[in-house]
Amino acid sequence: MIQSLQLRLKVDEQGRLQVQLPENLAGSEVDVVLVYQSVTQEKESQSTDLLDLYGCCADDPIEVDNLGVSDALDDNLIGVFDD
């Protein structure tokens, strides 16, 4: 059975990378495929640009109806903004 892990790890000064696999694999033989991508400072920081969110819901089945928000789901905000 093929399993997949996505990790962000640090490469040491000698260029080595240590990956810890589940203990139930101890003593067994595994095939490993390594694909890596360097992480830049820009990728580490969270985006604050609204355009970066474009298309993030493309696969979500968003349904529009004319019913509005149900009163049962609406938050009770009475007094929230009072001083």
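Remarks
- In order along segment 24-31, phi translates into HN-Hα couplings of 5, 8, 4, x, 9, 9, 10, 8 Hz, rounded to whole numbers, per the Karplus curve 6.51 cos²θ - 1.76 cosθ + 1.60 with θ = phi - 60° and x for Gly and Pro.
- A Cβ-based charge dipole, computed about the Cα centre of the chain with Lys and Arg at +1 and Asp and Glu at -1, lands at about 760 debye.
- Grouping the Cα pair distances of the chain into 10 Å bins from zero gives a pair-distance distribution of 9, 21, 22, 20, 16, 10, 1 percent in increasing distance order.
- Surface share of carbon and sulfur [accessible, 1.4 angstrom probe, percent] for the chain: 51
- Modelled this way, with points 7 Å down the Cα-to-C-beta line, the labels at Ala72 and Val11 are 5.5 nm from one another.
- For GluC sites (Glu not before Pro), the sites in the chain that DSSP calls loop and that have at most 12 other Cβ atoms within 10 Å are Glu13, Glu29, Glu63.
- With θ taken as phi - 60° and the Karplus curve 6.51 cos²θ - 1.76 cosθ + 1.60 applied, the whole-hertz 3J(HN,Hα) list for segment 69-83 is 8, 5, 4, 5, 9, 6, 6, 8, 9, 5, x, 5, 9, 6, 7 Hz, x standing for glycine and proline.
- Mean accessible surface per residue for the chain, computed with a 1.4 Å probe while every protein chain stays in place, in Å²: 116
The values are calculated or read from the model by the stated rules, or taken from the named source; none is laboratory data. Remember, predicted model here, so these are calculated numbers, not experimental data. Methodologically, a virtual Cβ is constructed for each residue, glycine included, from the backbone with ideal geometry; neighbour enumeration extends over all protein chains shown. For accessibility, only protein heavy atoms count, side chains too; no ligands or nucleic acids. Shrake-Rupley method; radii C 1.70, N 1.55, O 1.52, S 1.80 Å.
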